[in-house]
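Read through the structure below, which is laid out as structure tokens, and then see the notes.
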Amino acid sequence: MILNLTATNLFNTTKFITEYSVKSAYGMNDLSPQEWSRFVSRLENDIDGELMSLVYQFFMKSSPTGTSCDRPCRMKLINCNFKTSRAQDPRFCSDMF
């Protein structure tokens, strides 16, 4: 979900838009832990591929001014955000990079 700031200001009420469906965008059968694990494995096996580019695009909320993400950035995204339940805790990932 992304906040539509223009519509929010125009109608004086919070407006969100759906950016994507995880299952559809990433070709997942369901949202089970096993399916997420398979998804992360797919990313690791094709870290420079289109799927990882799509993941980063959505991670950046499809910002038109979003920055690019090179290989170390992609590895960090997988290891520090997708493989941990503590993505908000940078100490968990700091020794990895």
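The values are calculated or read from the model by the stated rules, or taken from the named source; none is laboratory data. Just so it is clear, the model here is predicted, and its values are computed rather than measured. With ideal geometry, Cβ positions are generated from the backbone for all residues, glycine too; neighbour counts draw on all protein chains shown.
Here are a few things to note about the model shown:
- Count of segment 65-75 residues which are under 22 Å from Glu19 (Cβ atoms) and surrounded by fewer than 15 Cβ atoms within 10 Å (Cβ to Cβ): 5
- Test: residue in segment 1-13 that is loosely packed, with under 12 Cβ neighbours inside 10 Å, among the hydroxyl-bearing types (Ser, Thr, Tyr), over 13 Å from the mean Cα position of the chain (by Cα) and over 18 Å from Cys93 (Cβ atoms): yes
- Yes/no for Ser62 being surrounded by fewer than 14 Cβ atoms within 10 Å (Cβ to Cβ), under 12 Å from the mean Cα position of the chain (by Cα) and either at pLDDT 85 or above or of a type in the set (Ser, Thr, Tyr) (or both): yes
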